[in-house]
1. If we count other beta carbons within 10 Å of each Cβ, what is the order of D204, D135, fewest first?
2. Taking neighbour counts of Cβ atoms within 10 Å as a proxy for exposure, in what order, fewest first, do I155, I430 appear?
3. Longer than 29 Å from Cα to Cα, which of K249/K375; K254/K428; K116/K375; K116/K216; K144/K433; K116/K254 are they? Say none if no pair is.
4. Looking at the square roots a ≥ b ≥ c of the eigenvalues of the Cα gyration tensor of segment 261-354, which shape do they give, rounded for a/c under 1.5, prolate if a/b is larger than b/c, or oblate?
5. Tell me the trypsin sites (Lys or Arg not before Pro) within segment 103-151 that lie in a loop according to DSSP and have at most 15 other beta-carbon atoms within 10 Å.
6. Using the number of other C-beta atoms within 10 angstrom as an exposure proxy, rank M337, M90 with the fewest first.
Amino acid sequence: MNVIKLCITALVTGAVVVATVLQSAEANLPMAVDGQRVPSLAPMIERVQGSLVRVSVSTPLEARRDPLDDPFFRRFFDQRRPNNGRTRTMFATGVVVDGLHGLILVNEHSVRGASKVKVTLDDGRNVDGQVLGSDSASDVALIKVDVLGLTAIGIADSNNLRVGDFVVSIGDPLGEENTLVTGVISALARNNSLQAHQNFIRSDAATGPGVLFNLKGEMVGLNIAKSAQTAGNLRIGFSTPVNMALRVKEHLVKYGTPQRGFLAVQVQDLTPDLAGAFNIRQAGGAVISNVIEGSTADQAGLEIGDVVLEAGTQQISSSNDLRAIIGQQFAGDTLTMTVAREGGKVALRPVLESSTKVTNKGNILHHQLDGATFKEGDMRQVSANVDDGVLVSDVRQGSVAWEHGVRANDIIVSANRKSVTNLESLRKAIEGKEVLMLNIVRGNGSMFLLLQ
């Protein structure tokens, strides 16, 4: 009998303990286990929440280009998007980086084509926002709101990140509320990388567009998208390093567009025949075929016939390699270069000019038109349908202009929706523009070319 009473007592006691634990679990998580406090991200999230905003923009489907049309996004990222109405509203999580002036960073592809957006602040207020500028290469856009006293986010140095560091991604992929995902950095952005996806931080904290933080609540990156699932059912998040995002922001405030680097030279691939003529055993490189007199390239000592072997931290195998490296820099940056000259090697450090600066020297009108030669004259000798315009008299195969689809005997009749009647009007139409939209007449037809 005593044994039975003891068993009953034990069962009752155990039930009470279990009930107590379940009741406690339903109420709250334990603050400590075995005397040790349970770590939580909640305090950090509460701190950063005041700097996060919700950005929304509605645009007609037919007037807005799908952001995933970019080759980079098509290759790496999901392409599923709603397409069942005449308008589409896109949502993104932005972050306040300057509370004094009401400046907010957000993804460029989320606000592409818009000049005005709606911004929902952390306290629930809905305000109008103006898109001051954007940069598709880094997927960064800058929004300004006329609101005082916003809380700016703390900023980390993304150059100090290490593979394996814990990070937290906060975003609004469903247009409802922010979602939090934790993970670690799996790969860091590589300076001067020739691979587009290597210019971004990669992590398994993938929410899509949003903000990437360290465990201190400091911003380390701006999320651009998440990749398709890998074979291991893992999604990889890509983020623009915050150091790069802030450099872009500075340019957007000053100019409305990033002043990317430009080297006033024309280059071509080093072929085996040219390598023999220059007495170079190097398998690849970029040959300087022209240097604009008086440019910073000329002042730095670059000469026609120099073969660029290295730029920044990368070996140069082709002229496109050199263009890719320069395109990642900003105006005013110094580019370390190693060139082969007369059997030896020379180290040079040219300062890059602005890619949006139009020059009257030589045939270089714009970095997007590098490799093309232009000519004024009577366009009716080329096409009976055109009176005025600028003739593309030649395009070097493999050049930037060639890769964009520009061909000899094309007649440019407008640029960025401005009429082109001569070289001067073409210069004015493209001055200060990073992306060019050309309306050209080719043969008996006409077409638009987007150069970006």
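Throughout, read-outs are computed from the coordinates displayed, never taken from laboratory work. Remember, predicted model here, so these are calculated numbers, not experimental data. Please note: Cβ atoms are built from the backbone with ideal geometry, for glycine as well, and neighbour counts cover all protein chains shown.
1. Working: D204 17, D135 22.
Lowest count first: D204, D135.
2. Working: I155 15, I430 25.
The most exposed by this proxy come first: I155, I430.
3. Values: K249/K375 37 Å; K254/K428 20 Å; K116/K375 40 Å; K116/K216 33 Å; K144/K433 21 Å; K116/K254 19 Å.
Flagged as over cut-off: K249/K375; K116/K375; K116/K216.
4. Working: a/c = 1.84, a/b = 1.53, b/c = 1.20.
Prolate.
5. Working: sites: R112, K116, K118, R125, K144; in loops: R112, R125.
Listed in order of number, the matching sites are R125.
6. On the way: M337 25, M90 22.
In increasing order of surrounding Cβ atoms, one gets M90, M337.
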